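The structure under discussion appears below in the form of structure tokens.
The values are calculated or read from the model by the stated rules, or taken from the named source; none is laboratory data. These numbers come from a predicted model, not from an experiment. Neighbour counts run over all protein chains shown; Cβ positions are idealised from the backbone, glycine included. Calculation scope for accessible area: heavy atoms of the full protein, side chains included, ligands and nucleic acids excluded. Shrake-Rupley method; radii C 1.70, N 1.55, O 1.52, S 1.80 Å.
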Amino acid sequence: MSAPTLLGYVGAVAGATISVRQYEGVASGIAIIGGRSYRVGQVGSFVRLPQGYHDLYGTISDVGATATPETLVDQGARGDRWMKIQLVGEVVETTFERGISQYPAINDQVHLVTAEDLSRIYGNAETGQVTVGRLSGAESIPVKLDLDKLVTRHSAVLGSTGSGKSTTVTSLLRSISVGQGEGPPFPSARVLLIDIHGEYGGALGEAAKVFRVNPLEGEHPLYVPFWALEFNDLMDFLLGKTDEKALTAIQEHVLKMKTAVVQAVSFPGVDETSLTCESPIPFSLKKLWFDLIDPEIKTWADKAHTETAETHAGNADTLVPPKYPLPGAGSSAPFANRTNVLSIQRQLSQLRSRLLDRRLDFMLHPGQWEPDINGVVENDLGKLLESWLGHDKPITVLDLSGVPSTILMRLIGGILNILYEALFWSRLRAEGGRRRPLLVVMEEAHRYLGQDNTNSARDSVQKIVKEGRKFGIGAMIVSQRPSEIDETILSQCGTFISLRLSNSADRNKVQAALPDSLSGIVDSLPVLRTGEAVITGEAAQLPVRCRITLPEVGKRPSSEDPLVSQSWSQKRGDEKYSKVAAAWRSQNINWEEK
């Protein structure tokens, strides 16, 4: 009598592709084995090929007439009871390994994979596995990922709008931090999530410390000190286009300001002789503006330029420029200044406008990290890193929903550069990534990691995906348009969690990143259900089609579709569009009249 798991017999072998002739006693539908239900002969489900002391494993890529070997001469033998299998790995004794050391022979048996088989493949939570959902073909079987490889070899969560990306990320992070279903949590996890649309603060709740430009109750103000950002990128944003001569002079002036601060205040680890304008040392933008504007507008009362014609001293702290009478006509007083003039009045006007823009306070006036006029700060960079990476919660959410779009890309690049530099230089310390690795999750990645975008964000992520593994920083790229993401970045992602993808260009990008033997699995991407994913790569022992575990109601991201029919059928509420205008002007979705 045949085993209840028997599906058929090997009919042809072509490399890693196996053609299987179905056993006549196999009925389509659902098989009950050991009290668990299994769907028989489903595309994407697993099979086992016993080979004596070890077993080969594969996935079903094709079923029916199209899976029939073309070489069959006897047309009567062709029929439609064939399956095509892609071999992916083997279990030798008790250990699963990707790749195969031998091929099956003709007429070898092919069996359904049961829960017991999968437990041998996936291991358990004690070996660093995290549960993300249930197998689509047998929902009694949990799907687990190798957390070590998920973080260190980088990953990508890809799917069209409405396919369940945000819910998948939330479910995965909750599984890691607080546990969901099977398997214990990892309470010392360290995850930093860059949240562009403000979706995750409420969903991750008790597991996360949330920073926001306009914080809600229980959240913390987001500050990113300008003096910790990349200098040239900062100057480009503050001043606009500036010629090389003027920019060099500004760099020299900033270096002098930083040197003066280091001489006045002791910063651990700082060598005055090796300072550059890129060194993360605080300096006053107000003083920089005041020092640069004075020679631009200065006039002299005498031809020898020994007595100024100043009528008002101005105030750097309040951004009030000094006042001088305009130069006289011809050779009459007052006389225009010719010393240290950089011809940058327009750029300095833009700098002053930026400093007065309340929307940029989180960066240009960063609370306790804002330098006074002498460059002295109340809190140093270490306190900022501790607030982001050293608190008692496993997840940090940086909510950038209140950040103006003009600065968003530069800000993300600055944040990523701060994290990269901090973990690179602390890699041998207890705070570093070797001892406690960091996973950086980047939502809406296509907006700042595009192939045509040349910005600090893309440069920083390229460094992380190429070198981050060595010092404990991993990247998770989340996007609805993988075809727009820089190829270098996507090619370094070792694990793909692919939800429904309708666009052919996006599917081709995912397919190009998979081994040839698994490329057929991409064909199922357009027909995946919401919240269903195909998971492939290093963190998944086998490529799986998986139903992601939904977080409980109240702990899901605020990205669900509005209930249009329900909303349009209800009585309208009290609408005051003056409040809409006020919220827009304040750049605060939670604005309330005081």
- Whole-number percent relative contact order across the chain, with pairs defined as alpha carbons under 8 Å at least 6 apart: 19
- For region 234-266, list residues with backbone N below 18 Å from a point placed 7 Å from the Cα of Asn374 toward its Cβ? 256-266
- Message: Show me the three semi-axes of the equivalent ellipsoid for the chain, from the C-alpha gyration tensor (sqrt of 5 times each eigenvalue), largest first, rounded to whole Å.
- Response: 60, 25, 22
- Item | Size of electric dipole in region 267-371: Cβ of Lys, Arg +1 and of Asp, Glu -1, about Cα centre, debye, nearest 20 | 480
- Estimated dipole of the chain in Debye, rounded to 20 [Cβ of Lys and Arg +1, of Asp and Glu -1, Cα centre]: 580
- Quick one: Kirkwood hydrodynamic radius for region 279-432, alpha-carbon pairs, angstrom, one decimal? 18.8
- Item | Label point distance in nm, Asp271-Ser491, each placed 7 Å from Cα along Cα→Cβ | 3.7
- Item | For region 126-226, Kirkwood radius (reciprocal of mean inverse C-alpha pair distance, Å) | 15.3
- Note on the structure: Output ordering of 139-152, 205-218, 39-52 (per-residue mean of other Cβ within 10 Å, highest first) is 139-152, 39-52, 205-218
- Using alpha carbon coordinates only, what is the Rg to Rh ratio of region 321-387, with Rh defined as the Kirkwood radius? 1.20
- Message: Within the chain, what whole-number % of the accessible surface is contributed by carbon and sulfur, with the 1.4 Å probe and all protein chains included in the calculation?
- Response: 49
- Item | Residue-span extension gain [Glu575 to Thr95] - 0.36 nm each, minus C-alpha spacing | 166.5 nm
- Task: Please report, to two decimal places, log10 I(q)/I(0) for region 404-494 at q = 0.13 Å⁻¹ as given by the Debye formula with identical point scatterers on the Cα atoms and no solvent.
- Result: -0.40
- Task: Would you please put 227-238, 440-451 in order of how densely packed they are, using the mean number of other Cβ atoms within 10 angstrom per residue and starting with the highest?
- Result: 440-451, 227-238
- Message: Per-residue counts of other Cβ atoms within 10 Å, averaged by peptide: what ranking do you get for 7-19, 460-472, highest first?
- Response: 460-472, 7-19
- Item | region 307-374: trypsin sites (Lys or Arg not before Pro) in DSSP coil with no more than 15 other Cβ atoms inside 10 Å | Arg338
- Message: At 222 nm, what value in deg cm²/dmol follows for the chain if DSSP H runs of at least 4 each add -39500 (n - 2.57) and the sum is divided by all its residues, to the nearest 500?
- Response: -8500 deg cm²/dmol
- Taking every Cα atom in region 276-318, find the radius of gyration and the maximum pairwise distance Dmax, and write them in Å. 14.2, 42
